[in-house]
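Since the structure comes first, as structure tokens, the remarks are kept for the end.
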Amino acid sequence: MTSSAELRASFLDFFRARDHEVVPSSSLIPANDPTLLFTNAGMVPFKDVFLGRDRRPYRRAASAQRCVRAGGKHNDLENVGYTGRHHTFFEMLGNFSFGDYFKREAIAFAWEYLVDVLKLPPDRLWVTVYTEDDEAASIWLDEMGVDPRRFARCGAKDNFWSMGDTGPCGPCSEIFFDHGPQVAGGPPGSPDADGDRYVEIWNLVFMQYNRDADGQLTPLPHPSVDTGMGLERLAAVMQGVHSNYDIDLLRRLVVAAAEATAAGDLTDKSLRVIADHIRSASFLIVDGVTPSNEGRGYVLRRIIRRAIRHGYRLGQAEPFFHRLVAPLVGDMGSAYPELAAAEERVARVLRLEEERFAETLEQGLRILEGTIAGLAEPEIRGDVVFKLYDTYGFPVDLTADIARERGLSLDLAGFEREMAQQRERARAASHFGTAQEMALEFEGTTDFTGYEHLADQATVVGLYRDGA
Ligand code: ATP
Ligand code: MG
Ligand code: MG
Ligand code: MG
């Protein structure tokens, strides 16, 4: 069996031997980039290099980058526990060319690594390109000899990659692994491609444009390459398992979560959520985020509270989540020394948040259960969602997570009405008069924080909708 650690090293060695500078993982908090909530791909630390605004002493790089997809354009929070391949935290293996090589070499490197180094059988690999990308199609079919029966052209939704609403983007080509007929799902490009049988493992992005705030595409100074392969998905392939939760790294966390909650069934969805969330919560704290009611801190709070609720669902009403930090450090501390160094602090922050939420979780759940028991329609009223949020500290997505388990939906419009009313009340109670507010705006003051807390809740509802 090839361990995740061996795969990480083998990938970086492969590209080091091909003149790539191996660059350590950057923080989950993008440096100087207010457009992005978290580092959501390996290219993020290189964004300015692609745009030609920053120069590096190398033109080829490779990395294993820690990523979080729990908000913004790439949001997989709602997928966790429901698919075996989406995490809020994962590691992305990537190789990059900054105006050096382009499509031909990127494709050849990827194929060589998968087929010659890892010895994956080519008849289990599927390839897609962007509909209009005849050049990439011809490289795959004519030069690499990929079987046209395992090849498809796809539209922009899957095969035109963007980091966010603005920033570098371009057509891409993806490689899928066929986990076999025992798993349901159709091949890439087919109508039932959303199943689990053909799992996307590697995306090769041919970075060619910058998208500005108006949606306008401008060519980059140099055509470049950005690739990303999920380490956990690759490990699942190499370890002969279908779900990422059965690979070495996550399996140990699932077992630790079961021990900490006394859960019996190792396949319980809640254990997977907890195993996933301990990774994102811990690494976010390592990178300087603390639970709060705003912005990044609120995403962290939502992740932690969700994990706590899943522990509660398994019967664990005492603080348990912080006890998973030690096994996480055991698994990932040597690859990420910054995690090992912050172990005590991470556990302390988590424990504090657990204690804080414990006071209201039980009461909130009781109210929710009472409401659910009396429901005439399969929808939870907006005022209940609001009360849970406002009085009991239930982030909306946490209530939605519970509702989904019961096949119920939330009245989000009603919730937003309650939010608007609260905002009105806050405005009326504020000692700022309208004239003063206008004066503040006129002075160009951007750091007026009077309404920031509330405005941010509205964003959070937006984030939740993104992922739904
Ligand atoms: P999917 O279609 O499966 O959601 P994606 O197209 O959103 O994946 P990309 O943005 O192309 O993913 O990212 C590159 C690679 O990173 C993917 O091919 C996959 O291996 C990995 N990856 C993406 N999202 C996740 C995730 N949430 N958890 C684990 N690995 C991921
Ligand atoms: Mg995705
Ligand atoms: Mg995809
Ligand atoms: Mg993709």
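The numbers here are math on the coordinates, done by the rules we state, and not lab data. Predicted model, so just to flag it, every value in this text is computed and none were measured. So basically every Cβ, Gly included, is an ideal-geometry build from the backbone, and we count neighbours across all protein chains shown.
Does the stretch 43-94 classify as rounded, prolate or oblate by the C-alpha gyration tensor (a ≥ b ≥ c root eigenvalues; a/c under 1.5 gives rounded; else a/b over b/c gives prolate, otherwise oblate)?
prolate
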Between the alpha carbon centres of the stretch 403-425 and the stretch 218-240 the gap in Å comes to 38 Å
Along the dipole axis of the stretch 18-131 (charges at Cβ: +1 for Lys and Arg, -1 for Asp and Glu; origin at the Cα centre), the most positive-end residue among 71, 113, 20 is 20
Taking N as the residue count of the stretch 1-110, its alpha carbon Rg divided by 2.2 N^0.38 Å gives 1.14
Tilt, helix 4-16 to longest principal axis of the chain (alpha-carbon atoms), in degrees rounded to tens, equals 50 degrees
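Loop-only check: which trypsin sites (Lys or Arg not before Pro) in the stretch 40-89 are DSSP coil with at most 16 other Cβ within 10 angstrom?
53, 55, 73
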Here the alpha-carbon Rg of the stretch 265-321 over 2.2 N^0.38 Å rounds to 1.14
For the chain, the dipole about the Cα centre with charges only on Cβ (Lys and Arg +1, Asp and Glu -1), to the nearest 20 debye, works out at 600 debye
Restricting to lysines and to Cα separations under 27 Å from residue 157, and discarding same-chain partners fewer than 8 apart, the set is 47, 73, 103
The answer for chymotrypsin sites (Phe, Trp or Tyr not before Pro) in the stretch 44-139 that fall in a DSSP coil and have at most 12 neighbouring Cβ atoms within 10 Å is 82
Cβ density ranking, 10 Å radius, fewest first, applied to 29, 285 yields 29, 285
Stokes-Einstein, Kirkwood over Cα pairs, the chain, 25 °C, 0.890 mPa s; D in µm²/s equals 103 µm²/s
For residue 318 and residue 404, extending 7 Å from Cα along the Cα-Cβ vector and measuring point to point gives, in nm, a value of 3.1 nm
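What percentage of all Cα-Cα pairs in the stretch 320-377 are separated by more than 13 Å? Before the final figure, lay out the partial values.
Details: 1125 of 1653 pairs.
Here the tail beyond 13 Å accounts for 68 percent of pairs.
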For the stretch 271-409, the Cα convex hull volume per residue in Å³ comes to 101 Å³
Charge tally for neighbours of residue 332 with beta carbon under 15 Å away, counting Lys, Arg as +1 and Asp, Glu as -1, is -4
A student applying the Cα gyration tensor rule (rounded when a/c is under 1.5; otherwise prolate if a/b is larger than b/c, oblate if not) would label the stretch 169-307 oblate
Assertion target for 356, 149, 279, ordered by fewest C-beta neighbours within 10 angstrom first, is 149, 356, 279
Exposure proxy check on 355, 112, 174, 91: fewest-to-most Cβ neighbours within 10 Å is 355, 112, 174, 91
For the stretch 50-200, the Cα gyration tensor yields equivalent-ellipsoid semi-axes (√(5λ), largest first, whole Å) of 24, 22, 16
Output for the stretch 91-138: trypsin sites (Lys or Arg not before Pro) sitting in coil per DSSP, at most 12 other Cβ within 10 Å, listed by number, reads 119
Per its Cα gyration tensor (rounded if a/c is under 1.5, else prolate when a/b beats b/c, else oblate), the stretch 342-423 is best filed as prolate
